[in-house]
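Step one of this worksheet: look at the structure below.
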Amino acid sequence: MSSDPSTIVAFEKCPVYASAAVESAVRAAVDAVGGIRAFVQPGQTVLLKPNLLTDSTPKAAITTHPEIVRAAIRLVKEAGGDCLVGDSPASVIKHERVWERTGMRALCDEEDVELITLELGGAREFRKDRQVFDVAQRVLDADVVINLPKVKTHVLMSLTCAVKNIYGCVPGMAKAGLHKQYFNAADFGRVVASIYGVVRPALAIADGVVGMTGNGPSSGKPMPMGFVAASADGVALDRCMCRVLGLAPRAVPYLSVLRRRGVGEHDDRRIEVVGADPDSLLAEPVALPNTLRSRLIPSWLGRLFAPLLWCRPTFSDSCVYCGLCVRMCPADALTQKKGEKPVLEPKQCIECCCCHEVCLAKAVDMQLSPMFQRMADRDKCLK
């Protein structure tokens, strides 16, 4: 730890989602990074941005738990802020179903706050480093954005927490379009970094009470982690989350991009960790995505052997034939007959993992090519 750190990341133990326990932990974490009044002034419009990826129940550990959002709402109200809760889930799923299944509709009714879909209200186009993307106008209109991510490992980005959660500020099918345009991990990491650089939330509060490990963000395994974490710097928070999960920061594509761009704090000597010791939070090693080692193979080597290095979906007998993956695929690489599993056209697959991301039946597995698997197995540099 530096004697003069510039960034604070606070961890507070929280083993259960009981309302009082969560509110106490969230309050303590936010107080440790300056208190809610350092971020919210009376009369300001505050958008709370949880992770509402899909229509799953809180116990599935795919989405931000309602009690984390409740605690944030109450803090914002205490500071005199005008609170909104909003996200843009996967557009192949009806928003009302997402609001109901995740518990957000009931929560917002109980706390008397507006729940919005970021598809409504238009969007503004941004161009950053030859990348073009939209950000929802409701996000840009907010005086303050507070980021409420779920702690999960991720098959494409290795980690989804504070930075990746801001991808949900891209409205509707524009998200799928970006997956198609920036389909490999390195390029997609760059666009995620660009979107985060535009939105730059004032505060991040991470839900790590129960996280997801393995092949997240939706097909992994829920894992009790027992903490919440907060920081004014989402980049520093994500770096600390790598430490908690046993991930190498270089395996998270957007972190290296943000470092080169000078966004966020990347120097561990200038990050002060307060509260619970992050090295003592988890009782057992975390299961990492089966695609993780492929992220550590040098990009020049990947380009050289591109035809032999691929990561494509396979469909297990757990498939319930719902067709979400087919409708979500930005490359139209999947077809499906009624009552049958999807069929992949390999030449059209862009390896974006969108099908894996929306499958609640956990029937999609991202399979590495034989050469990719052999190369990945030889790479031992995970930390």
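Brief remarks follow.
- Projected-area average for segment 201-256 over all orientations - Cα convex hull basis, square nanometres: 4.0 nm²
- Fraction of beta bridges assigned by DSSP in the chain that are antiparallel (%, nearest 5): 60 percent
- Highest-fluctuation residue, Asp55, Asp365, Asp279 considered, GNM on the chain with Cα pairs under 10 Å: Asp279
- Among Ser231, Ser19, Ser280, the largest mean-square fluctuation in a Gaussian network model of the chain, built with springs joining Cα atoms closer than 10 Å, belongs to Ser280.
- In this simple spin-label model, placing a label point 7 Å from the Cα along the Cα-to-Cβ direction at both Asp277 and Glu100 gives a separation of 4.8 nm.
- For the chain, built as a Gaussian network whose Cα springs stay under 10 Å, the top-fluctuating residue of Lys59, Lys347, Lys13: Lys347
- Our helix-only sum for the chain, with -39,500 (n - 2.57) per DSSP H run of n ≥ 4 divided by its residues, gives a mean residue ellipticity at 222 nm of -9000 deg cm²/dmol.
- In percent, rounded to a whole number, the relative contact order of the chain is 20, using alpha-carbon pairs under 8 Å and six or more apart.
Here, each number is a calculation from the coordinates, and none is a lab measurement. From a predicted model like this one, the values you see are computed outputs, not experimental measurements. Positions of Cβ are backbone-derived with ideal geometry, glycine not excepted, and every protein chain shown enters the neighbour counts.
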